[in-house]
Amino acid sequence: MSAETWAIAVYVLATFAIIGIMLLGSWLLGGRAWGRAKDEPFESGVLGAGSTRLRLSAKFYLVAMFFVIFDLEAVYLFAWSISVRESGWPGFVEALIFIVILIASLVYLWRIGALEWAPEGRRKIAQRAHTQGP
């Protein structure tokens with residue numbers, strides 16, 4: 001066997017040995033007390049109260065999707081900014097097209113009211129107050 005094969009074998013064996021030591025150690029040192037309180041879920045030491053079935057507005061999910069979309073564009077633009085010298089003018093034009101598409105999508109979302117958080121009643125009151133003036 002070559003030295004490289006031996007190194008891989010030792011690495012794999014050492015990995016399994018560490019996993020075994022961790023599992024055995026937690027089994028030996030872990031508590032074995034059972035009771036009703038052990039089966040109750042808790043978060044940060046606080047017992048849960050009420051039902052876990054909460055009805056959230058769809059706007060929360062919409063904002064989460066917006067965040068993911070516009071957060072991913074920051075990752076792409078960061079990667080582009082690191083390689084801006086290697087990509088040259090074609091890379092600049094591609095990034096510009098990408099930014100224009102993102103701005104167009106943001107304007108579209110704003111125009112259809114997807115970014116409005118206020119309920120319909122509060123919006124109408126705000127519009128009346130805005131049109132009446134001071």
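The values are calculated or read from the model by the stated rules, or taken from the named source; none is laboratory data. Keep in mind the model is a prediction, meaning the values are calculated, not measured. Reconstructed Cβ throughout: ideal geometry from the backbone, glycine too, with neighbour counts over all protein chains shown. Surface areas here come from the heavy atoms of the whole protein model, side chains and all, with no ligands, DNA or RNA. Shrake-Rupley method; radii C 1.70, N 1.55, O 1.52, S 1.80 Å.
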If Lys and Arg each add +1 and Asp and Glu each add -1, what is the summed charge of the other residues whose beta carbon sits under 15 Å from the beta carbon of V100? -2
Between helix 84-111 and the chain, what is the angle of the helix's C-alpha long axis to the longest principal axis, kept within 0 to 90° and rounded to the nearest 10? 60
For the chain, give the percent of accessible area contributed by carbon and sulfur heavy atoms, probe 1.4 Å, rounded to a whole number. 70
Scoring only Lys, Arg, Asp and Glu (+1, +1, -1, -1) among other residues with Cβ under 12 Å from the Cβ of W80 yields -2
Give me the net charge for the shell around F67: Cβ to Cβ below 15 angstrom, other residues only, Lys and Arg +1, Asp and Glu -1. -1
What is the calculated FRET efficiency for L96 to Y11, with r their C-beta to C-beta distance and R₀ = 30 Å, to the nearest 0.05? 0.05
Which value at 222 nm does the chain reach when only helices count, each DSSP H run of 4 or more adding -39,500 (n - 2.57), with the total divided by all residues and rounded to the nearest 500 deg cm²/dmol? -24500 deg cm²/dmol
Helix 58-82 versus the longest principal axis of the chain: what is the Cα-based angle in degrees, 0 to 90, to the nearest 10? 70
Cα axis of helix 3-29 to longest principal axis of the chain: angle in degrees, 0 to 90, nearest 10? 90
In debye to the nearest 20, the charge dipole size for the chain, taken about the Cα centre with +1 at each Lys and Arg Cβ and -1 at each Asp and Glu Cβ, equals 860
Comparing I69, I101, I21, which has the greatest mean-square fluctuation in the GNM of the chain with Cα pairs linked when under 10 Å apart? I21
Compute the normalised compactness of the chain: alpha-carbon radius of gyration over 2.2 N^0.38 Å, N being the residue count. 1.99
